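*Asks:* Pasting a structure here, questions to come.
The values are calculated or read from the model by the stated rules, or taken from the named source; none is laboratory data. Remember, predicted model here, so these are calculated numbers, not experimental data. A quick note on method: Cβ atoms are made from the backbone with ideal geometry, for glycine too, and the neighbour counts reach across all protein chains shown. Just the protein is used for accessible areas: all its heavy atoms, side chains included, with ligands, DNA and RNA removed. Shrake-Rupley method; radii C 1.70, N 1.55, O 1.52, S 1.80 Å.
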Amino acid sequence: MKNFCKRILVLSMLAMVTPAFAQQNEDVTYSNGKILLQQQRYEQAMAEFLPLTSQGNTYAPEASYFYALAAFKAKKYKEAQEMLQQLKMQYPGWSQMADATYLLANIHFERGNYDEALTQVQQLNSSEIAKDAAGLERFYLQKINDRATFEKLVQRYPNDAVLGQVFADKLIGGWYRAEDKNTLERLINKHNLDKNKYQNAAARRQQGFDVALLLPFQLSQDFGQNARKNQFVNDLYAGMQLAQDSLEAQGVKLNLYTYDAGADTTIVSRILKLPEVRQMDLVIGPVYKSAARIANRFARTTGIPVINPLSQDLDVAGQNSNVYLFESSIATQARQAATYAYNSFSPKTAVILFENTKDDTTFAYFYKEQFKKLGGKIKTYKKISSSQSSATASTFNKLVLTDVGHMAVFSEKMTAAVNATSKLQASASKLPLITYHNWLDINQITLKQLDNLEVYFISPKFINTANPEIRKFRERYISKYNLTPSVYAYAGFEMLYFYGSLLQQYGPNLAQALLETGIKPGALYPAVGYVNRTNRNELRSDNQFVPITKLENLQLMVVNAVY
């Protein structure tokens, strides 16, 4: 009886302290959740907030919102949406409901639920964050590239000013047709848009876009000498002319203006000061690095995008956000190859050998740094000199390939290629090897040898000859010029077709166009794009897609294709 009374007393005391103790625990849990959210540990934050979201809990509204925010950041859109819908139903009078509505709109936009997103945005028209909501709406609407989808939204929400303006922007940015005249006028009048801007742009669309080509034609030189030295320019231009024809057949008019611009900076400067050039929509060229600074200054002061057609040197673009390389830079090629290797091969260890040249050393450095940044380990990092054949052979023979995930060899020399393949054939035929595309042209190694080994090629200029579009282009090119197309002809076509299509769709705002289109298959190339592949909201100055190829039954296949 005495013990029973003691037990009753203890239970009574526990009953009195439990609510305070529980509240203290909830305070700690809520605080932990916010800290985890700030630390970007989103799933752990969700786990902390979830117990606090039950109806009646002191922290329920705030915890529900923060749970949804953490889920959104973790790209768990379904969980975030369900929690916000519960919040809006259970606590309609919550003081921060506008923030929850904004977040729910953001989630619907991300999921492509445009009707639901616009419904949420319209609830914020009279709130303190109406301006932010309009910015959110504009950001996502600009990313819609399907005209039919947009037209349906305009019909359902005719009074939405942001929707109307973005649709008008889309019309003058490339969607405009003759029958859109009345639609555009109605949008201008209803939403008080700038008549000069929209009507003039629509008229201009019908006249076509002006593109200046500053290329080293060297017309003043002897014809025979010029033909030999500048065949690459002739091929580049020939490809561009075919692209111009293809775009015109699709209703896209490009007016090409050619200027003979070589390495003489005085001549390039004079061309870029011409009033007609300063009215262009796009400038392609000059080619040489000596004129890069002048072209950069021109792009910065005029706002006209400048494309370097052939350089792989990021210094050519500098820090100018309006100058782009059509090619992938050496740094990008190396980083993308290292990323592919890290994601594809195990264990995450590498052996790297590279030739004693500036380009090969640079390539190896960027490859090594990217592989390490991703979490990989470098077991061997060694410079070779293929001119010293005995020393090169000894280096390869002494390689220890135990617990190595792959080998990378950056050298164009036959000696390095032969020694690398011999080493793999003798001791590790299944070990992946990453190297340059031009190993395929080394006669001392057969395609069958490379096919039998696990060799992956970094192929920035890869053209898939089995592609029907490539075959059509080749037939057209031969028919028109009586020559087989070179890599420069393919590049010229892809370049003008790519940028010409962007001009038609988006107008001269090239940065926004590149950001919105991302990385996508090209007309002839496997893919083209300028967004950072790990951060799609970040724009880069050079082409970010680098084809990685491999022989399969003696046919080269792109192993990192974009669809």
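*Asks:* From the P(r) of the range 391-528, can you give the percent of Cα pairs sitting at distances over 23 Å? Spell out each step's value before the answer.
*Replies:* On the way: 5001 of 9453 pairs.
Distances greater than 23 Å cover 53 percent of the Cα pairs.
*Asks:* Using Cα pairs under 8 angstrom and six or more residues apart, how large is the relative contact order of the range 272-332, in percent? It would help to have the intermediate numbers written out before the result.
*Replies:* Values: 91 pairs, mean separation 18.5, N = 61.
After rounding, I find 30 percent.
*Asks:* Moving on. If you restrict to DSSP beta bridges whose two residues both lie in the chain, what percentage is antiparallel, to the nearest 5?
*Replies:* 25 percent
*Asks:* Moving to a separate point now. Please list Trp439, Trp94 in order of solvent-accessible area, largest first, computed with a 1.4 Å probe with all protein chains present.
*Replies:* Trp94, Trp439
*Asks:* Also: What is the Rg over Rh value, at two decimals, for the range 274-410, using alpha-carbon atoms and the Kirkwood definition of Rh?
*Replies:* 1.15
*Asks:* What whole-number volume per residue, in cubic angstrom, does the convex hull of the C-alpha atoms of the range 239-312 give?
*Replies:* Expressed per residue, the convex hull around the Cα atoms of the range 239-312 is 100 Å³.
*Asks:* Sort Met414, Met280 by accessible area with a 1.4 Å probe, largest first.
*Replies:* The ordering from most to least exposed comes out as Met414, Met280.
*Asks:* Here's a follow-up. How much of the accessible area of the chain, probe 1.4 Å, is carbon plus sulfur, in whole percent?
*Replies:* On the way: 13660 of 27840 Å².
Ligands and nucleic acids excluded, carbon and sulfur give 49 percent.
*Asks:* Where does the longest stretch of the chain lie that holds no GluC sites (Glu not before Pro) found in a DSSP loop with 15 or fewer other Cβ atoms within 10 Å? Walk me through the numbers before you get to the answer.
*Replies:* Working: sites that count: Glu128, Glu276.
Counting at most 15 other Cβ atoms within 10 Å as exposed, the longest clean stretch of the chain is 277-563.
*Asks:* Using a Cα-Cα cut-off of under 16 Å, which lysines could be cross-linked to Lys34, ignoring same-chain neighbours fewer than 8 residues away?
*Replies:* In chain and number order, the partners are Lys73.
*Asks:* With no solvent and one equal point scatterer per Cα, compute the Debye intensity ratio I(q)/I(0) for the chain at 0.12 Å⁻¹ and report its log10, rounded to two decimals.
*Replies:* -1.25
*Asks:* With a cut-off of 8 Å between alpha carbons and a minimum separation of six or more residues, what is the relative contact order of the range 146-194 in percent? Provide the component values of the computation, followed by the final result.
*Replies:* Numbers: 22 pairs, mean separation 15.8, N = 49.
Contact order relative to length: 32 percent.
*Asks:* What is the range 62-138 by shape, rounded, prolate or oblate, if you read a ≥ b ≥ c off the alpha carbon gyration tensor as root eigenvalues and call it rounded for a/c under 1.5, prolate for a/b larger than b/c, and oblate otherwise?
*Replies:* Oblate shape, in that a/c is at least 1.5 and b/c is the bigger or equal ratio.
*Asks:* Over the range 114-192, what is the relative contact order in whole percent, taking alpha-carbon pairs under 8 Å and six or more residues apart?
*Replies:* 24 percent
*Asks:* Same structure again: With a 1.4 Å probe and every protein chain left in place, work out the accessible area per residue of the chain in Å², rounded to a whole number.
*Replies:* 49 Å²
*Asks:* On to the next question. Say each of Thr302 and Gln449 gets a label point 7 Å from the Cα, pointing the same way as Cα to Cβ; how far apart are those two points in nm?
*Replies:* With each label point 7 Å from Cα toward Cβ, the separation is 5.1 nm.
*Asks:* Same structure again: Provide Ile35, Ile172 ordered by accessible surface of protein heavy atoms (probe 1.4 Å), highest first.
*Replies:* Details: Ile35 75, Ile172 15 Å².
Solvent-accessible surface, decreasing: Ile35, Ile172.
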